[in-house]
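Comments concern the structure below.
Bear in mind these aren't lab numbers, they're just calculated from the coordinates by the rules spelled out. Given the structure is predicted, the values throughout are model-derived calculations rather than measurements. Cβ placement follows ideal geometry from the backbone for every residue including glycine, while neighbour counts extend to all protein chains displayed.
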């Protein structure tokens, strides 16, 4: 690896750390948006994210792709469905924060990689490696344990994990065709009518907090666009510079920080028995991460061997960029 590539990876790691750090403190941010409710916050998030993305793309004169997207009904429908799924994820998460269930939300994002792997088996007929099967098995045991401990399934956790896993699956089936910024623009544009209807309904029922709780509150609602786009762009910058394994390991920073926010700063109580369930999930993630790192190393060795064979017995492998060529680098993160 050259010095330039090493510097590129270091910057990418820093960008990724900042992105997941921001997503990790989202519970504190959304708590400041009270007394606005989940419906109003999600509607404003859609609206102001769209406005911000539109301004950036307009300045960059990067809007022609929208014409091509509109002429492809299948892709357009896929973007609309993706928008609906990510908005559902946002809504459930916002409800969790405002109703004092931050720890359950954190559990949902710990479970998300396991649910994604399980969907790959059920829907895409993918074959799992031994460690992946072990991780999924431990995850199932954790889900059963937590269901018994809660007295009912942890619906918030499962809904968050499943909504984003389905979102990721949909993006995978559609293919990587839009950058992070374009994707967010298309998805929020597709669900804009829903956001407008929500805001109109809240206004007519005198349930809106827009303009009635001071300038600071209004500014905070408008800032939801920045809060959505900034970590996403940091994530995109990281994903194009570092290996997939690094991105995969960094993602666990977000639910860990959310858990700390819920317990240490927002005063949520987690019974000792529930920590056992969290420990089982973390064990499953350790196994899954180990498999992921091993697979990346095997892929690197296979590529290096192939390059040597192509170039002759003494050929050196070509330098590779910091990004993982087979990873999906444009999917927005869940929050």
- Picked from the range 138-149 (must be without any contact (Cβ under 8 Å) to a residue 60 or more places away in the chain and surrounded by fewer than 17 Cβ atoms within 10 Å (Cβ to Cβ)), the residue farthest from residue 295 (Cα to Cα) is 148
- Task: Tell me which residues, restricted to the range 54-72, are touching a helix residue (DSSP H, G or I) at 6+ places or on another chain (Cβ under 9 Å) and part of a helix (DSSP H, G or I).
- Result: 54, 56, 57, 65, 66, 68, 69, 70
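Residues that are farther than 22 Å from residue 78 by Cβ, at least 3 per element: which helices (runs of 4 or more DSSP H) completely within the range 93-198 meet that? Working first, answer last.
On the way: elements: 102-122, 130-150, 155-174, 180-190.
Passing ranges, in order: 102-122, 130-150, 155-174.
Right, residue 63: farther than 24 Å from residue 201 by Cβ and surrounded by fewer than 19 Cβ atoms within 10 Å (Cβ to Cβ) or not? Let's see the steps before the verdict.
Values: farther than 24 Å from residue 201 by Cβ: yes; surrounded by fewer than 19 Cβ atoms within 10 Å (Cβ to Cβ): yes.
Against the criterion (farther than 24 Å from residue 201 by Cβ and surrounded by fewer than 19 Cβ atoms within 10 Å (Cβ to Cβ)), residue 63 qualifies.
Residues are listed down the side, and each one gets a yes or a no for (1) on the phi > 0 side of the Ramachandran plot; (2) in contact with a helix residue (DSSP H, G or I) (Cβ under 8 Å, 6 or more places away or on another chain); (3) outside any helix (DSSP H, G or I):
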position: 236; (1), (2), (3): no, yes, no
position: 247; (1), (2), (3): no, yes, no
position: 255; (1), (2), (3): no, yes, no
position: 270; (1), (2), (3): no, yes, yes
position: 277; (1), (2), (3): no, yes, no
position: 294; (1), (2), (3): no, yes, no
position: 298; (1), (2), (3): no, no, no
- Item | Count of the range 178-206 residues which are within 18 Å of the chain's Cα centre (by Cα) and surrounded by fewer than 19 Cβ atoms within 10 Å (Cβ to Cβ) | 1
